[in-house]
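This report concerns only the one structure given below.
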Amino acid sequence: MRVLLNRFAAALSIGVVAAAPLAAQNAATCDPTANTKGDIAKAQFSMTRAISTVEKGTSTRDVQEVLRLVDNGTDNPTARNYLRGEAYIIYLMQPNALPVAPRSALGMTNNPTGTIDVYVAADSAFSLVEKAAPECIPAIRQWRQQKPWLNTLNAAITALNAGQLDSAEILAKRSLLLDRKAPYAYSVLGSVAQSRKNAAAANDYWKQTLDAAGTDTVYADVRVKTLYEIASAGSDKADAATGAAKRAAAKESIKPWQDYIAVANNDLLLADAIDNVARMYIAAGDSVSIPAVYAPLLANPSKYGELTLVHAGVVATRNGHPADAVKLFDAALAQNPYSRDAINNLAATYIQNNEFPKAFPLIDKLITLDPSNPDNPLLYAFAYQGLYKGTKDKKLQKIYTDSLIFFNAKSENAPVKLAVTEFTRRPDQTMLGGTIENRGTAAKTYTVNVEFLDKTGTVVSTETATVGPVAPKKTEKFKITSAKGGVYGYRYKPLT
């Protein structure tokens with residue numbers, strides 16, 4: 001399974017420091033306009049006034065005055081460029097400001113009918129100051145990360161999420177003119193390249209994302225997200241290849257998955273990573289190493305989420321390690337006693353291990369929670385089949401055979417099948433979805449009565465959905481939503 005996500009859930013909100021108030025941004029060690037006189041002093045006065053009115057959107061005239069004054073001489077170029085950079089940023093914060101504007105809009109009398117790329121101009125002015133006065137870099141970065149940068153980056157993310165790749169690319173690159181040190185724009189560009197199936201460019205941008213993020217905790221989320229995307233791209237490459245190329249690509253993709261797993265903080269994505277790295281080991285011809293995938297989970301299961309533990313248990317089962325699978329499913333049930341997947345898989349593993357007495361209580365619980373799924377009685381049938389094979393007592397063989405036949409028939413002859421395909425749990429909402437198959441010979445309408453349960457089994461909320469009429473031998477979808485959170489499991493009344 002490859003989990004597909006929006007590149008960013010919303011406009012940039014994670015890991016971004018809000019822009020500091022403009023008036024407070026000159027650090028004590030950086031004051032290029034101190035002790036100035038003449039036009040520069042007048043320009044600084046106009047800048048102070050522009051800052052004071054920037055939120056009102058009435059700073060354009062003062063910005064024009066600043067630019068006129070700083071262009072009126074060549075002395076003290078550092079102070080003049082600092083003021084230019086500030087003026088360009090404040091202009092971009094005005095209503096209806098254009099990124100590429102007529103020079104006259106900024107009060108420029110030299111070639112007034114020409115145009116100026118304000119982002120490029122701001123970057124050029126600030127870059128000159130950063131080179132001449134490195135102590136001003138922190139203060140200038142605050143200017144670089146003001147609303148023009150933030151709004152442009154948010155627009156790039158919005159365009160990406162809407163599938164508008166050209167716009168996302170243009171906006172992301174424009175935001176980089178103001179700040180090349182933040183990782184977000186590189187991440188957007190990596191996603192754009194991936195969507196265009198340009199793997200080399202995507203990996204290059206993702207590497208730049210990781211370099212920019214470094215170890216700064218502010219950028220932890222984008223760093224983890226990027227590691228996931230690098231690993232996913234590696235799996236995609238392996239999946240698309242054949243023969244020796246497939247084995248090589250799979251082997252190459254293992255390390256990126258390991259890097260992601262080491263820092264993953266999302267249960268759903270970590271579960272997906274466990275699945276993927278196990279698949280890559282198999283594709284690389286190294287199934288012997290698969291236990292290493294889930295070894296940390298066995299050593300410290302409380303550190304991991306329920307979904308991750310269940311998926312790791314399935315990986316252990318599929319690769320011939322049922323004892324490990326039992327420990328992992330047990331750990332998942334310790335976290336969530338009402339996890340249907342953990343109950344089902346643990347019961348099946350006990351049957352596989354010929355530990356039938358341990359399987360029966362789990363099957364009982366499974367059918368209590370999920371009574372109209374004909375797959376569940378089959379577990380009884382498999383268990384009785386195993387008991388039959390394990391005894392030579394004719395009376396017991398007769399009992400086990402009758403039980404096997406009974407539960408097999410109960411599964412095969414079930415008039416309806418409810419299959420859950422979605423169980424989404426959020427702090428303030430729970431969603432349950434799936435299908436209802438009418439196995440009968442006449443159309444029928446079904447009422448699904450669901451109880452959502454907390455960790456102790458207490459009912460959090462009760463919801464109802466009507467499905468149908470469902471035609472004979474046909475299937476219809478259902479979806480039930482509760483406004484309650486804190487849900488661990490569900491049970492529903494048998495469909496009739």
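The values are calculated or read from the model by the stated rules, or taken from the named source; none is laboratory data. As the structure is a computational prediction, the values presented were derived from the model and not from experiment. Glycine also receives a Cβ, built like all others from the backbone with ideal geometry; neighbour counts cover every protein chain displayed. Just the protein is used for accessible areas: all its heavy atoms, side chains included, with ligands, DNA and RNA removed. Shrake-Rupley method; radii C 1.70, N 1.55, O 1.52, S 1.80 Å.
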Per the filter on the range 440-465, residues in a loop (DSSP other than H, G, I, E, B) and surrounded by 12 or more Cβ atoms within 10 Å (Cβ to Cβ) are GLY440, ALA443, ASP454, LYS455, GLY457
Counted residues, the range 303-340 - those being closer than 22 Å to ILE282 by Cβ and acidic (Asp, Glu)
1
Unique match (being out of contact with any Lys or Arg (no Cβ under 9 Å at 6 or more places or on another chain) and at pLDDT below 90) among PRO95, PRO102
PRO95
Meets criteria (out of contact with any strand residue (DSSP E or B) (no Cβ under 7 Å at 6 or more places or on another chain), farther than 25 Å from SER339 by Cβ, modelled with pLDDT under 95 and surrounded by 12 or more Cβ atoms within 10 Å (Cβ to Cβ)) for THR391
yes
Is it the case that the range 109-119 has a residue that's among the hydrophobic types (A, V, I, L, M, F, W, C), open to solvent by less than 60 Å² (accessible area, probe 1.4 Å) and farther than 19 Å from SER187 by Cβ?
yes
If you check LEU309 against the conditions, is it modelled with pLDDT of 95 or more and either closer than 21 Å to LEU227 by Cα or buried (at least 17 other Cβ atoms within 10 Å of the Cβ) (or both)?
yes
Test ASN72 against the stated conditions and say whether it is outside any helix (DSSP H, G or I), open to solvent by 20 Å² or more (accessible area, probe 1.4 Å) and either over 28 Å from ALA172 (Cβ atoms) or touching a Lys or Arg at 6+ places or on another chain (Cβ under 6 Å) (or both).
yes
On the given criteria, is LYS479 within 22 Å of SER339 (Cβ to Cβ) and among the charged types (D, E, K, R)?
yes
Could you tell me whether TYR91 is assigned to a helix (DSSP H, G or I), free of Cβ contacts under 8 Å to residues at least 40 places away in the same chain and either buried (at least 22 other Cβ atoms within 10 Å of the Cβ) or β-branched (Val, Ile, Thr) (or both)?
yes
hydroxyl-bearing (Ser, Thr, Tyr) and touching a residue at least 12 places away in the same chain (Cβ under 8 Å): is that true of THR458 in this structure?
no
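Name the single residue, out of those in the range 467-488 being farther than 25 Å from LYS410 by Cα and not aliphatic (A, V, I, L, M), that is least open to solvent (accessible area, probe 1.4 Å).
SER482
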Expected output for the range 39-50 (first residue free of Cβ contacts under 8 Å to residues at least 24 places away in the same chain, partner open to solvent by 10 Å² or more (accessible area, probe 1.4 Å), Cβ below 6 Å, 6+ apart or cross-chain) is SER46/ASP62; SER46/GLU65; ARG49/ASP62
Among the residues of the range 287-302, is there at least one that is open to solvent by less than 60 Å² (accessible area, probe 1.4 Å) and under 15 Å from the mean Cα position of the chain (by Cα)?
no
I'm told VAL277 meets every condition in (1) among the hydrophobic types (A, V, I, L, M, F, W, C); (2) more than 25 Å from SER232 (Cα to Cα); (3) crowded, with 24+ Cβ neighbours inside 10 Å except one. Can you identify the failing condition by its number?
(2)
Restricting the range 56-69 to residues that are part of a helix (DSSP H, G or I) and not β-branched (Val, Ile, Thr), which is nearest to CYS136 (Cα to Cα)?
LEU67
Qualifying positions in the range 98-108 - more than 22 Å from THR33 (Cα to Cα), of a type in the set (A, V, I, L, M, F, W, C) and either in a helix (DSSP H, G or I) or open to solvent by 30 Å² or more (accessible area, probe 1.4 Å) (or both)
LEU98, VAL100, ALA105
Quick check on the range 127-136. Is at least one of its residues open to solvent by less than 50 Å² (accessible area, probe 1.4 Å), more than 27 Å from TRP206 (Cβ to Cβ) and outside any helix (DSSP H, G or I)?
yes
More than 18 Å from ARG180 (Cβ to Cβ), part of a helix (DSSP H, G or I) and without any contact (Cβ under 8 Å) to a residue 24 or more places away in the chain, is that true of ALA159?
yes
Pair list, Cβ under 6 Å, 6 or more apart: the range 72-87 residue in contact (Cβ under 8 Å) with a residue 40 or more places away in the chain and under 12 Å from THR33 (Cβ atoms), other residue open to solvent by less than 40 Å² (accessible area, probe 1.4 Å) and outside any helix (DSSP H, G or I):
THR78/PRO32; THR78/ALA133; ALA79/PRO32; ALA79/THR33; ALA79/THR36; TYR82/PRO32
Out of all the residues in the range 413-428, which are over 13 Å from ILE480 (Cα atoms) and touching a residue at least 12 places away in the same chain (Cβ under 8 Å)?
ALA414, PRO415, VAL416, LYS417, LEU418, ALA419, ARG426, PRO427, ASP428
I'd like to check which helices (runs of 4 or more DSSP H) are fully inside the range 321-416 and have at least 3 residues that are under 26 Å from ASP267 (Cα atoms) and small (Gly, Ala, Ser).
322-335, 340-352
Some residue of the range 150-161 being closer than 24 Å to ASP272 by Cα and either open to solvent by less than 50 Å² (accessible area, probe 1.4 Å) or among the hydrophobic types (A, V, I, L, M, F, W, C) (or both):
yes
Taking the range 338-371 only, how many residues are open to solvent by 10 Å² or more (accessible area, probe 1.4 Å) and farther than 21 Å from THR424 by Cβ?
18
